1. Being of a type in the set (A, V, I, L, M) and part of a loop (DSSP other than H, G, I, E, B) is the filter here, so list the residues in segment 106-154 that pass it.
2. Regarding segment 204-216, can at least one residue be identified that is open to solvent by 20 Å² or more (accessible area, probe 1.4 Å) and either at pLDDT below 95 or closer than 16 Å to Arg30 by Cα (or both)?
3. Is there a residue being open to solvent by 50 Å² or more (accessible area, probe 1.4 Å), of a type in the set (Lys, Arg) and either over 26 Å from Ile131 (Cβ atoms) or not in a loop (DSSP other than H, G, I, E, B) (or both) anywhere in segment 51-70?
4. So Ala216 clears everything in (1) on the phi < 0 side of the Ramachandran plot; (2) in a loop (DSSP other than H, G, I, E, B); (3) under 18 Å from the mean Cα position of the chain (by Cα) except one condition, right? Which one?
5. Of the conditions (1) open to solvent by less than 40 Å² (accessible area, probe 1.4 Å); (2) out of contact with any helix residue (DSSP H, G or I) (no Cβ under 6 Å at 6 or more places or on another chain); (3) hydrophobic (A, V, I, L, M, F, W, C), Ile148 fails just one. Which one is it?
6. Scan segment 9-43 for residues that are touching a Leu at 6+ places or on another chain (Cβ under 9 Å), assigned to a loop (DSSP other than H, G, I, E, B) and not hydrophobic (A, V, I, L, M, F, W, C) and report the count.
7. If I ask for residues that are farther than 20 Å from His76 by Cβ and either in contact (Cβ under 8 Å) with a residue 12 or more places away in the chain or surrounded by 15 or more Cβ atoms within 10 Å (Cβ to Cβ) (or both), which ones from segment 160-182 would you list?
8. With (1) open to solvent by 20 Å² or more (accessible area, probe 1.4 Å); (2) in contact with a Ser or Thr (Cβ under 7 Å, 6 or more places away or on another chain) as the list, and Thr36 as the residue in question, which single condition is left unmet?
Amino acid sequence: MKVTFLGTGTSQGVPVIGCDCQVCKSLDFRDKRFRTSIHLEANGVSVVVDTGPDFRMQMLRAGVKRLDAVIYTHEHKDHTAGLDDIRPFNFSQKMDIPIFGQKQVLDQIRREFSYIFSDKKYPGVPQVQAIEITENPFRVDGLPVIPIPVLHYKLPVLGFRFGDFSYITDANFIPDESLKLLEGTEILVLNALQKESHISHFTLDEAVHMARKIGAKQTYFTHIAHRLGLHEQVDRELPAGIALAYDGLELTLE
């Protein structure tokens, strides 16, 4: 299994438009963050989790040539807005792209991208196969996926477990039932927005506490805001076994 971090930034991305803070002005490539997403390849299956506004550039930068499915964590625009850019995969693969999401996610996508689902489609619009998922395990072309229910303030969001790799973004509460689903995870990805308290995201300290509670061998933080601080400084201060992810980071799991 190979996992590529396509984006590790928050909803505004980093740098933020009009901001002159030290992070937004940083020349360190690790402080340049597209909106949060990952690409996963396993058993010959190519999957993206979330298509945010930067999806086109993320696909180009990562050199993704094939896409077998998109899995959505939730319906917020920074996780769905790039759906239109799956069209090149439609053209090259000559197939509809399956998109997996909970009912409320697919309903929102149908509203925001109504032209995709119109009875009289404009030529060249994205071709998708909308597949509703629940909190029950499912498969993508034979690849097992275990949903991990979490809360983003009061909004239900799904994290996902692929074998020994678990991915959770946009959360500030993980119920006990979901913690059980994370037992034995080798590599965990968890959101850590900033150091100050936030209504719907884990802070850095909260994310460290949760990472220790879950106990994965290695944890990476994602969905990072410019307010968290410079990558180099924050990463150096983290406990052993915990690190900040960055755009382009690649992980290989046995």
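The values are calculated or read from the model by the stated rules, or taken from the named source; none is laboratory data. For clarity, every value in this text was computed on a predicted model and none was experimentally measured. Quick reminder, even Gly has a Cβ in these numbers, built from the backbone with ideal geometry, and neighbours come from all protein chains shown. In case anyone asks, the SASA skips ligands and DNA or RNA and just uses the protein heavy atoms, side chains included. Shrake-Rupley method; radii C 1.70, N 1.55, O 1.52, S 1.80 Å.
1. Hits for segment 106-154 are Val125, Ile133.
2. no
3. yes
4. Among (1) on the phi < 0 side of the Ramachandran plot; (2) in a loop (DSSP other than H, G, I, E, B); (3) under 18 Å from the mean Cα position of the chain (by Cα), Ala216 violates only (3).
5. In the conditions (1) open to solvent by less than 40 Å² (accessible area, probe 1.4 Å); (2) out of contact with any helix residue (DSSP H, G or I) (no Cβ under 6 Å at 6 or more places or on another chain); (3) hydrophobic (A, V, I, L, M, F, W, C), Ile148 misses (2) alone.
6. 6
7. Arg161, Phe162, Gly163, Asp164, Phe165, Ser166, Pro175, Glu177, Leu179, Leu181, Leu182
8. Condition not satisfied by Thr36: (1).
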